[in-house]
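S.K.: Sharing a structure with you now.
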């Protein structure tokens, strides 16, 4: 009887046929690489009965040699069988695009001559196959990945995001799209209180982005998330928001983006006293924000807390532009009509020498309640009636660049390359792809109620495609205090 070093509590009898030996080894999950001679005897299964018995004998002898070798015993050169080298994985070739059937669109007329843009992600580039060919700018990670892989690994994610941004800008130019919101996840955790870092290491690459955008006349903007709370009563939350704005400002500055490269934020929570919160927002803007950050700041009306009428007096007093969101205004309307709001808002843009911009989105089909109507539809089916002729309009739709091309076709705004089109989803539901489930929402609310200090947010830059399993969804761990307050203000 021969004892194998890697067999735990089991011994294989070196008696019988090769099959019984193989079964004994297989039963103990031993890889054939541990016994190369066993694999070599398996290359020829066919033969006579005499050949079979001879092979069995040689198998047992070879297995004895393998066992002696693993024990450190001397084996002659003639007795050693070299395992074959591992074959390297062959790189997958890009898959050709399928032939899409693109339905016609309803033709409409407009006098609009401005730029239409989309936010953060290009679905055509993101969905390239194989996945190694995918192009997107929102690679991110979790906090524990920083501890595991180091900060240089995190910075490399940012470098790859910037490289892909260059590709996106060129794609946009080729398809007559000259307005883009840059993803806030370009540099993961750059504004973090502990793990934060500046963007000096990526300055040359960011300068290339700006040169390309300026060459083509593209407008690049950013939109820090809902956890950027300028009116929070907690100083640490305000400081977190200031760090986030500093990061976005540095991103735009290093790209050499001009004054049209604005940073859009919402008013945030009301904290049981809207008037007092507006005063805190005013104080943060005038006394806390650095001048270069304030110069890029614009406010936007939201669908829950602050309508355009709430923010307009503050914006006029501080000379901070107001971005008017049509969808939010329909859910949280002002007492004055949109045309009057837009006229007053555009006056601020004019005084500051900034190109006016607005946001457009539509609720999803079948949405009835306020929470359902908040979700953005895949595409917009019309331009607003009050839209000025010469301004920039950000299309906030789930189909991203496809929503822009859809409007191009409807209003004959620009030529459209048919090969770049993708068909719309014929079975839209009132739920968005990727919107948090009620279970997750309850868990988030529970963490707020319990005062938990850590929370996570699913990145909303995913393309309109079938969601991956939850274990594969990219998660962004965001700043603790500000995110918690943002959730609290939203559900209040």
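S.K.: Taking neighbour counts of Cβ atoms within 10 Å as a proxy for exposure, in what order, fewest first, do 396, 368 appear? Please report the intermediate quantities before stating the final value.
M.R.: Working: 396 23, 368 9.
Going from sparsest to densest Cβ surroundings: 368, 396.
S.K.: Taking 0.36 nm per intervening residue step and subtracting the Cα-Cα distance, what contour gain separates residue 369 from residue 159 on full extension?
M.R.: Values: separation 210, 0.36 × 210 = 75.60 nm, distance 4.17 nm.
Residue separation times 0.36 nm, minus the Cα-Cα distance, leaves 71.4 nm.
S.K.: Suppose a student asked you for the relative contact order of segment 115-429, using Cα pairs under 8 Å spaced at least 6 residues apart; what percent would you report? Numbers along the way, then the final one.
M.R.: Details: 547 pairs, mean separation 50.9, N = 315.
Relative CO of segment 115-429 lands at 16 percent.
S.K.: Now for a separate question. Ranked highest first by average number of other Cβ atoms within 10 Å, how do 382-389, 306-313 line up? Provide the component values of the computation, followed by the final result.
M.R.: Working: 382-389: 15.0, 306-313: 20.8.
Listed from highest to lowest mean packing, they are 306-313, 382-389.
S.K.: How far, in nm, would the chain grow between residue 386 and residue 343 when pulled straight, counting 0.36 nm per residue and subtracting the alpha carbon separation? Can you show the working numbers first?
M.R.: Details: separation 43, 0.36 × 43 = 15.48 nm, distance 1.00 nm.
Length difference between fully extended and current span is 14.5 nm.
S.K.: Take the Cα atoms of segment 269-312, find their three principal axes, and give me the spread along each one in whole Å, biggest first.
M.R.: Principal extents (largest minus smallest coordinate, Cα): 29, 18, 14 Å.
S.K.: Continuing with the same structure: Nearest 0.05, what FRET efficiency do residue 351 and residue 201 give at R0 = 30 Å with Cβ-Cβ as r? Walk me through the numbers before you get to the answer.
M.R.: On the way: r = 37 Å, r/R0 = 1.24.
After rounding to 0.05, the efficiency reads 0.20.
S.K.: Mind listing the Cα extents of segment 295-439 along all three principal axes, in Å, largest one first?
M.R.: Rounded to whole Å, the extents work out to 46, 43, 26 Å.
S.K.: So how do 111, 221 line up by other beta-carbon neighbours within 10 Å, fewest first? Mind dumping the intermediate values first?
M.R.: Working: 111 10, 221 24.
Exposure proxy ranking, most exposed first: 111, 221.
S.K.: Treat the count of other C-beta atoms within 10 Å as a stand-in for reagent exposure and order 185, 106 from fewest to most. Write down the numbers at each step before the final one.
M.R.: Numbers: 185 24, 106 8.
In order of increasing Cβ crowding within 10 Å: 106, 185.
Read-outs: derived from the displayed coordinates by stated rules, not from any lab. Quick caveat: nothing in here was measured; it's all calculated off a predicted structure. In this analysis, Cβ positions are derived from the backbone assuming ideal geometry, glycine residues included, and neighbour counts consider all displayed protein chains.
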